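Everything on this sheet refers to the single structure shown next.
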Amino acid sequence: MISLRKNIAAMDRYVPGFQPDEPGWIKLNTNENPYPPSPKVVAAIQEELANGGENLRKYPDAGSKEARRVAAELYGVDPSWVIMANGSDELLNNLIRAFADAGDEVGFVHPSYSYYSTLADIQGAKVVTFGLTDDTRIAGFPETYTGKIFFLTSPNAPLGLGFHNDYISELAERCEGILVVDEAYVDFTDVSAMELVKKYENLVVTRTFSKSYSLAGMRLGLAVARPEVIAALDKIRDHYHLDRLALVAATAALKDQTYLRSTVSRICATRDWFSSELRQLGYQIPPSQTNYIFAAAPDADGKQVYDALFAHKILVRYFSDPLLAHGTRISIGTRGDMEKTLAVLSELD
Ligand SMILES: Cc1ncc(COP(=O)(O)O)c(C=O)c1O
């Protein structure tokens with residue numbers, strides 16, 4: 001008789017966004033980048049595969065030294081302040097494993113990234129969520145937050161609003177435990193909490209390569225924090241968590257900031273154009289600092305908009321959560337993708 005841990009038996013699994021198998025879909029449901037990664041990333045992967053894949057015989061660098069060195073230079077810290085990861089999801093998981101025991105409190109804003117909840121459930125930690133106020137602050141956040149970890153998605157998902165650094169500083173001071181600023185979408189805005197890591201010993205900033213760097217398929221992320229925090233995360237990760245191709249891809253991507261900026265600015269321009277067109281159709285859209293928008297149609301709920309687009313092979317994301325059911329989250333694709341999406345939405349009655 002198989003006997004699962006009680007919390008594993010009781011928990012629901014996280015359901016990632018739908019990935020259709022057949023071609024022909026416009027995918028605006030998982031905030032992927034519509035453009036390919038930097039050609040330098042592709043060249044670095046090809047180089048790693050040279051000589052019939054000779055390098056693949058050997059294990060990768062378990063310490064991700066080169067990628068960490070390049071990231072550290074970019075963020076103006078010592079490499080001991082940086083850890084690479086197999087997607088930022090790996091970091092979120094290991095942060096909980098390192099800092100929250102079973103029964104300890106893990107907090108985050110709801111709505112935000114629901115995977116925090118799954119990870120806390122696996123650990124058997126207690127989840128406490130907080131809402132947002134109209135001026136993008138956390139409703140009812142205690143003067144001293146005693147939970148072991150608080151995850152702040154900034155800019156927020158799925159609304160797309162960023163938190164000010166003054167406010168993040170205030171939160172770091174009010175958190176007795178670790179404050180994780182999940183900056184998965186930060187490259188689409190100008191404000192980052194990265195500089196605050198040097199000031200607050202309990203602050204961790206996580207980043208992903210899945211959105212702005214167009215590398216969702218490689219599974220890459222990183223975190224910047226005090227060396228004591230990084231050492232804890234380093235201790236509990238799988239020792240070869242990044243393969244050779246991911247490591248060279250990460251290094252080349254970080255080095256090519258010019259390419260990053262060019263695709264990001266194209267996406268932001270498309271986002272602003274698409275948002276203003278939808279607003280003219282009567283949609284309510286909070287100003288987004290990300291590569292997606294959360295759009296509420298004047299006369300249709302999120303599911304109806306989802307269904308209408310689905311019928312035209314356009315995938316977006318709707319949430320059954322009552323706080324979000326009125327809208328849909330639409331990732332920003334190419335200008336052509338968004339023109340097709342707009343054409344369908346213009347016909348919606
Ligand atoms: C807020 C947030 N954090 C983290 C992630 C996970 O990113 P990764 O692909 O690096 O695991 C996502 C992915 O959608 C996200 O939206």
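Yes/no per residue for (1) at pLDDT below 95; (2) in a loop (DSSP other than H, G, I, E, B); (3) closer than 21 Å to VAL77 by Cα; (4) acidic (Asp, Glu):
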site: VAL128; (1), (2), (3), (4): no, no, no, no
site: ASP134; (1), (2), (3), (4): yes, yes, no, yes
site: PRO142; (1), (2), (3), (4): no, yes, no, no
site: LEU159; (1), (2), (3), (4): yes, yes, no, no
site: GLY162; (1), (2), (3), (4): yes, yes, no, no
site: TYR167; (1), (2), (3), (4): no, no, no, no
site: LEU179; (1), (2), (3), (4): no, no, yes, no
site: GLU201; (1), (2), (3), (4): no, yes, yes, yes
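Take THR136 and tell me if it is away from the ligand (no atom under 13 Å from the Cβ) and among the polar types (S, T, N, Q).
Criteria met by THR136.
Identify the residue in the stretch 99-126 that is free of Cβ contacts under 8 Å to residues at least 60 places away in the same chain and open to solvent by 50 Å² or more (accessible area, probe 1.4 Å) and, among all such residues, is nearest to the chain's Cα centre (by Cα).
Once the filter is applied, the top-ranked residue is LYS126.
Do we have any residue at all in the stretch 47-62 that's aromatic (Phe, Trp, Tyr), open to solvent by less than 60 Å² (accessible area, probe 1.4 Å) and modelled with pLDDT of 95 or more?
No, the stretch 47-62 contains no residue that is aromatic (Phe, Trp, Tyr), open to solvent by less than 60 Å² (accessible area, probe 1.4 Å) and modelled with pLDDT of 95 or more.
In the set ASP238, ASP243, ASP272, ASP301, which member is within 16 Å of the ligand (Cβ to nearest atom), open to solvent by 40 Å² or more (accessible area, probe 1.4 Å) and over 30 Å from GLY147 (Cβ atoms)?
Exactly one residue qualifies, and that residue is ASP243.
Does at least one position in the stretch 185-195 carry a residue that is open to solvent by less than 20 Å² (accessible area, probe 1.4 Å) and not in a loop (DSSP other than H, G, I, E, B)?
Yes, there is a match, as at least one residue in the stretch 185-195 is open to solvent by less than 20 Å² (accessible area, probe 1.4 Å) and not in a loop (DSSP other than H, G, I, E, B).
Only residues that are within 17 Å of LEU220 (Cβ to Cβ), of a type in the set (A, V, I, L, M, F, W, C) and in a helix (DSSP H, G or I): list them for the stretch 74-94, please.
Of everything in the stretch 74-94, those that are within 17 Å of LEU220 (Cβ to Cβ), of a type in the set (A, V, I, L, M, F, W, C) and in a helix (DSSP H, G or I) turn out to be LEU74, LEU91, LEU92.
If you scan the stretch 74-98, which residues turn out to be of a type in the set (D, E, K, R) and crowded, with 19+ Cβ neighbours inside 10 Å?
If the condition is that a residue be of a type in the set (D, E, K, R) and crowded, with 19+ Cβ neighbours inside 10 Å, then ASP89, GLU90 are the ones that fit.
Hey, can you tell me all the residues within the stretch 315-349 that are assigned to a loop (DSSP other than H, G, I, E, B), of a type in the set (A, V, I, L, M) and over 17 Å from PRO20 (Cβ atoms)?
LEU323, LEU324, ALA325, ILE332, LEU348
Under 30 Å from ALA343 (Cα atoms) and in contact with a Lys or Arg (Cβ under 9 Å, 6 or more places away or on another chain) - does that describe any residue in the stretch 233-256?
Within the stretch 233-256, not a single residue is under 30 Å from ALA343 (Cα atoms) and in contact with a Lys or Arg (Cβ under 9 Å, 6 or more places away or on another chain).
Using the structure shown, decide if ILE83 is within 16 Å of the ligand (Cβ to nearest atom), modelled with pLDDT of 95 or more and not assigned by TED's automatic domain parsing to the domain that holds ALA269.
So ILE83 passes the test.
Among the residues that make up the stretch 246-254, is at least one of them within 16 Å of the ligand (Cβ to nearest atom), without any contact (Cβ under 8 Å) to a residue 60 or more places away in the chain and open to solvent by 10 Å² or more (accessible area, probe 1.4 Å)?
Looking for residues that are within 16 Å of the ligand (Cβ to nearest atom), without any contact (Cβ under 8 Å) to a residue 60 or more places away in the chain and open to solvent by 10 Å² or more (accessible area, probe 1.4 Å), one finds none in the stretch 246-254, hence no.
Would you check if there is a residue in the stretch 63-73 being open to solvent by 30 Å² or more (accessible area, probe 1.4 Å), outside the structural domain of PRO20 (by TED's automatic domain parsing) and not in a helix (DSSP H, G or I)?
No; the residues of the stretch 63-73 include none that is open to solvent by 30 Å² or more (accessible area, probe 1.4 Å), outside the structural domain of PRO20 (by TED's automatic domain parsing) and not in a helix (DSSP H, G or I).
Just the residues that are within 18 Å of PRO60 (Cβ to Cβ) and not in a helix (DSSP H, G or I), please, taken from the stretch 228-276.
ARG237, ASP238, HIS239, TYR240, HIS241, LEU242, ASP243
Given the conditions (1) out of contact with any strand residue (DSSP E or B) (no Cβ under 8 Å at 6 or more places or on another chain); (2) within 21 Å of ASN7 (Cα to Cα); (3) within 16 Å of the ligand (Cβ to nearest atom), report the number of the one that GLY107 does not fulfil.
Tallying (1) out of contact with any strand residue (DSSP E or B) (no Cβ under 8 Å at 6 or more places or on another chain); (2) within 21 Å of ASN7 (Cα to Cα); (3) within 16 Å of the ligand (Cβ to nearest atom), GLY107 fails exactly one: (1).
Would you check if ALA232 is small (Gly, Ala, Ser) and more than 11 Å from the ligand (Cβ to nearest atom)?
So ALA232 fits the description; yes.
Which of the residues belonging to the stretch 178-196 are within 11 Å of the ligand (Cβ to nearest atom) and in contact (Cβ under 8 Å) with a residue 60 or more places away in the chain?
VAL180, ASP182, ALA184, TYR185
The values are calculated or read from the model by the stated rules, or taken from the named source; none is laboratory data. A quick note: this is a predicted structure, and the numbers were derived from the prediction, not measured. Counting neighbours? That spans all protein chains shown, and the Cβs are built from the backbone with ideal geometry, glycine included. The protein model used for the area step is the full one, side chains on, heavy atoms only, and it has no ligands, DNA or RNA in it. Shrake-Rupley method; radii C 1.70, N 1.55, O 1.52, S 1.80 Å.
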